[in-house]
Each structure stands twice: as structure tokens, then as C-alpha cells.
Amino acid sequence: MAIIAPSLLSADFLHLGKDCEMLNKSKADWYHLDIMDGSFVPNISFGPMIVEFISKATKKYCDVHLMIDHPEKYTEAFKKAGANNLTVHFEACNHLHRNIQQIKSLDMQAGVAINPHTPVDLLKDILKDIDLVCLMSVNPGFGGQTFIPHTINKIKQLKEMINEQLLDVKIEIDGGVTLENAKLIIEAGADVLVAGNTVFKSENPMTTIALLKSL
Ligand code: DX5
Ligand code: ZN
């Protein structure tokens, strides 16, 4: 059974409270919160202020995905906003190890995300320091894109690396997860499924979450 992490990026921001209530009642395990800066990715979403409103509206784990340059500048702000986990992008960090240490020193869990073109091998020396790897299965920046099939090989490869080092690192898949491909993704070794459009654009988001959870 995978951890289900609906991405609020696809929620109705005019009725965010309502969507949070729905998620709280649902079988969703985590909230996935996508932060975009218009520099690392070609889109702007929201920042710590909205994360704070959301984290106060739930007891569920807030998984914050930073698609931003210089994440070190905002680590403390997201901690104060109620983040349980901060995931930074491999491609955005010249001093990734330092970024991870900073997140840990603030008592949050730490994740590293990699873009579709980045090989999982590059994570070998950071794996033991982190709690989660977020494999981007679309190019980051937008919800509602199509899953890149090669991600399945990356999940298997990463799972092997984690097992070889006897680590407890979760594999999260982000982008294009649907009711149709979710089973294949879980079977390949994923622990966490992020789902934006699949949940929020469905007729009954609660049922969709339950279906994802049942796989
Ligand atoms: C994309 C974000 C995702 C996005 C996923 O850059 O990181 O979390 O919200 O949306 P879907 O599930 O619609 O592809
Ligand atoms: Zn994300």
C-alpha cells in the first residue's frame, strides 16, 4: 500500500479550506505542496504564507516540494510555516549536502528531487543522508502532464541502490500519476504517489484517493 500525497497545486484555491476538509476526511496520507519560483521552473505557485494556512488546516504530514533556486534562503520560513518535509532539487543545489544538513538541523525530514534527465546514480553519495527521493516523472512546473515511461526503470534502479546500502529512503513519484499507471509504479518500487489532476479533476476526489490507496 503506497502513501498517497495529493498535490494541492490542482486544488481550487478559491475554496482551499473546502479541499483541505475533503483531504482530511479522505484516505490521503500526506499533503504535497509545490513551491515554484519562476526561475528554477517556468511557473510561479505559492510560498510559505499559503503553506502556513494549509498546515494549520490539517494534522496530516506536509510534504513540501521546493522547485526553487537557493532553497537555503527559505528553509527556516517553511519550517515556521509547518513543513514536515522539505524536498530540494538536485539541479538547484551546488552544495546539496549542506542544504540537507540545514533542513535536518531544523528538525524536518529531507528529500532530494531529480528531473527526468538526471540519472539516479548521481544520488549514490547523498542517499544515506536523506529520507526521500522524489523522482520527477514529468518536467517540473505544471500539473496535468503525461507520465514519462522511462521513470519506471529509474524507480527499479533506485530501489536497488537503496537496498544495497540497507537504507530506509522512500521513493516518491511526482507527475502524471493516474489510476491506470499507479499499479505499475508501485510494483516497480515506489513508496509515495503524488497525484494532482488525477485527484482534483476527478468527479469524486475522495473515491479517487481511496482507489489509489487500495492498489
Ligand atoms: C509538477 C509538480 C507536481 C504536480 C503533479 O511540477 O511537482 O507535484 O502538481 O501534478 P499531476 O499529478 O497533475 O501531474
Ligand atoms: Zn511536486
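The values are calculated or read from the model by the stated rules, or taken from the named source; none is laboratory data. Every value quoted in this text rests on a predicted model; they were computed, and no experiment measured them. Here the Cβ is made from the backbone with ideal geometry for all residues, glycine too, and neighbour counts use every protein chain on show. Keep in mind that these areas ignore ligands, DNA and RNA; they rest on the heavy atoms of the full protein, side chains included. Shrake-Rupley method; radii C 1.70, N 1.55, O 1.52, S 1.80 Å.
Miscellaneous remarks
- Computed over the stretch 1-100: relative contact order in percent, which uses C-alpha pairs under 8 Å that are six or more apart: 25
- Bridge orientation summary for the chain: considering DSSP beta bridges with both residues in this region, about 5 percent are antiparallel.
- Per residue convex hull volume, Cα atoms of the stretch 103-142, in Å³: 74
- Under the Karplus curve 6.51 cos²θ - 1.76 cosθ + 1.60, θ = phi - 60°, whole-Hz ³J(HN,Hα) for the stretch 187-195, x wherever Gly or Pro sits: 4, 6, x, 6, 9, 10, 10, 8, 8
- Taking GluC sites (Glu not before Pro) as exposed when their DSSP state is a loop state and no more than 10 other Cβ atoms lie within 10 Å, the longest site-free interval of the chain runs over 1-179.
- Integer Hz, Karplus 6.51/-1.76/1.60 couplings in order for the stretch 78-95, x for Gly and Pro: 6, 4, 4, 6, x, 5, 8, 9, 10, 10, 10, 8, 3, 6, 9, 10, 6, 10
- The H on the amide N of Cys134, modeled in the peptide plane, is under 5 Å from the matching H of Val112, Ala113, Ile114, Glu172, each at least 5 residues off or on a different chain.
- Subtracting the Cα-Cα distance of Met206 and Glu76 from 0.36 nm times their residue separation leaves 43.5 nm of extension gain.
- Residue-averaged [θ]222 nm for the chain, counting only DSSP H segments that reach four residues, each worth -39500 (n - 2.57): -9000 deg cm²/dmol
- ³J(HN,Hα), Karplus 6.51/-1.76/1.60, whole Hz, each residue of the stretch 203-215, x for Gly, Pro: 5, 10, x, 4, 5, 4, 4, 4, 5, 4, 5, 7, 6
- Neighbour net charge for Ala188 - beta-carbon separation under 12 angstrom, K R +1, D E -1: +1
- Cα pair distances in the stretch 99-215, grouped into 10 Å bins until the bin that holds the longest one, percent each: 13, 43, 32, 11, 0
- Residue with peak Gaussian network fluctuation, the chain [Cα springs, cutoff 10 Å], from His70, His32, His150: His150
- Relative contact order of the stretch 3-214: 21 percent, from C-alpha pairs under 8 Å at least 6 residues apart in sequence.
- Accessible area per residue for the chain, computed on protein heavy atoms with a 1.4 Å probe, is 47 Å².
- Taking amide H as placed 1.01 Å from N in the peptide plane, Tyr61 has its amide H under 5 Å from the amide H of Tyr31, each at least 5 places away in sequence or on another chain.
- On the chain, 53 percent of the accessible area sits on carbon and sulfur atoms, based on a 1.4 Å probe.
- Convex hull volume per residue, computed on the Cα atoms of the chain, equals 108 Å³.
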